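I have placed the structure first, in the form of C-alpha cells, so that the comments after it can refer back to it.
The values are calculated or read from the model by the stated rules, or taken from the named source; none is laboratory data. Fair warning: this is a prediction, and the values are worked out from it, not measured in the lab. Here the Cβ positions follow ideal geometry from the backbone for every residue, glycine too, while neighbour counts run over all protein chains shown. Note: areas computed on protein heavy atoms with side chains; ligands, DNA, RNA excluded. Shrake-Rupley method; radii C 1.70, N 1.55, O 1.52, S 1.80 Å.
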Amino acid sequence: MKSDFFDQIMQKLFRKDTGISVSQPFVSEKLIRSDTFAEKYKEWKEKRRVNRRLDALKIAMDELNNHAGSHPYLVRYKSPEANGFALYAGFGFRDEEYSFLLDHFGEIILTLGYRIYTSDRRHSDKGEYVERIDRHYIKPAPSSIANAPLNQLYGNILIELILRNDKPFLLKLIASVYAGRQYSEPLTFDALVEVLFAES
C-alpha cells in the first residue's frame, strides 16, 4: 500500500503534461526574459555563483544515488520511459536563482545537439494560490535524428519551474525516452546529470 501511494505521488510530480485540465482556465504566453533579468542572470554566471549552486546539487544527488537515501528538498525519479529530478524551493537558493537554473540547464542542453521546441509561461488560478509554470521543452535537433535509427540522445527534455503566488515552489527536469527499433539507445540520465551539474 505504501508503495502504491509513493508511485501515485511520483506520477503526479513527474507527469509529462502541466496538469491543467481543459475545464480549468489558464493563460499561456511565450516565455520572454526582461533586460533586468538578463543582466542579473549574466552577473550570476560571471561571478560563478552558478558553480556554488551546482556543487550543492551534485552533493545532494550523489547522496541520493550512492546511499539510496532521501533528501528533504531533492527527489529523483527513475522509470524505463522517463528519468528526472525535482528540486523544492526549500533547498536554500535565492528565489531568482531557480529561474536562473531553469535557463542555465536549458542552455547546457542546447549545446548537446538539441533545439528548443517551446518555451512558455502558463498562469492558472488554483483557488488558494495562482500557479505559474515557466518551462522549456527541448528536443533533439533535426540533424541529430536524420539517420536511422533515429538518434534520441537523452530523449526529449522538459524543464519546468513551478511558482505559487510568484514564489518558487518546485524546479523539475525530466527526460522522456522512446523504445523501438527506429530509435537509438538513449544516453543515460546519469551522464546528463553529470553534464548539467558540471562547473561552467
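What to note about this one:
- One residue stands out in the stretch 170-200 among those that are among the hydroxyl-bearing types (Ser, Thr, Tyr) and not in a loop (DSSP other than H, G, I, E, B): the one that is surrounded by the fewest Cβ atoms within 10 Å (Cβ to Cβ), namely TYR183.
- ILE109 in contact with a strand residue (DSSP E or B) (Cβ under 7 Å, 6 or more places away or on another chain), open to solvent by 60 Å² or more (accessible area, probe 1.4 Å) and closer than 28 Å to ARG33 by Cβ: no
- Tallying residues that are assigned to a strand (DSSP E or B) and either hydrophobic (A, V, I, L, M, F, W, C) or modelled with pLDDT of 95 or more (or both) within the stretch 140-169 yields 13.
- Identity of the residue in the stretch 59-73, in contact with a strand residue (DSSP E or B) (Cβ under 9 Å, 6 or more places away or on another chain) and under 19 Å from LEU170 (Cα atoms), that ends up surrounded by the fewest Cβ atoms within 10 Å (Cβ to Cβ): PRO72
- Applying the set (1) more than 20 Å from LYS167 (Cβ to Cβ); (2) part of a strand (DSSP E or B) to GLU63 leaves exactly one unmet item: (2).
- Of the set (1) among the charged types (D, E, K, R); (2) surrounded by 12 or more Cβ atoms within 10 Å (Cβ to Cβ); (3) without any contact (Cβ under 8 Å) to a residue 12 or more places away in the chain, all apply to GLU128 but (2).
- ARG76 vs. criteria open to solvent by 30 Å² or more (accessible area, probe 1.4 Å), in contact (Cβ under 8 Å) with a residue 60 or more places away in the chain and assigned to a strand (DSSP E or B): no
- Between TYR117, TYR98, the distinction of being assigned to a strand (DSSP E or B) and under 28 Å from VAL177 (Cα atoms) belongs to TYR117 only.
- Here VAL27 meets the list (1) touching a Phe, Trp or Tyr at 6+ places or on another chain (Cβ under 8 Å); (2) part of a strand (DSSP E or B); (3) more than 23 Å from SER176 (Cβ to Cβ) almost entirely, failing just condition (1).
- The one condition from (1) exposed (fewer than 14 other Cβ atoms within 10 Å of the Cβ); (2) closer than 19 Å to LYS167 by Cβ; (3) not aromatic (Phe, Trp, Tyr) that LEU101 does not meet is (1).
- Among residues of the stretch 34-58 that are open to solvent by less than 40 Å² (accessible area, probe 1.4 Å) and in a helix (DSSP H, G or I), those with a beta-carbon under 7 Å from a residue that is at pLDDT below 95 and of a type in the set (S, T, N, Q) at least six positions away or on a different chain give the pairs VAL50/SER200; ASN51/SER200.
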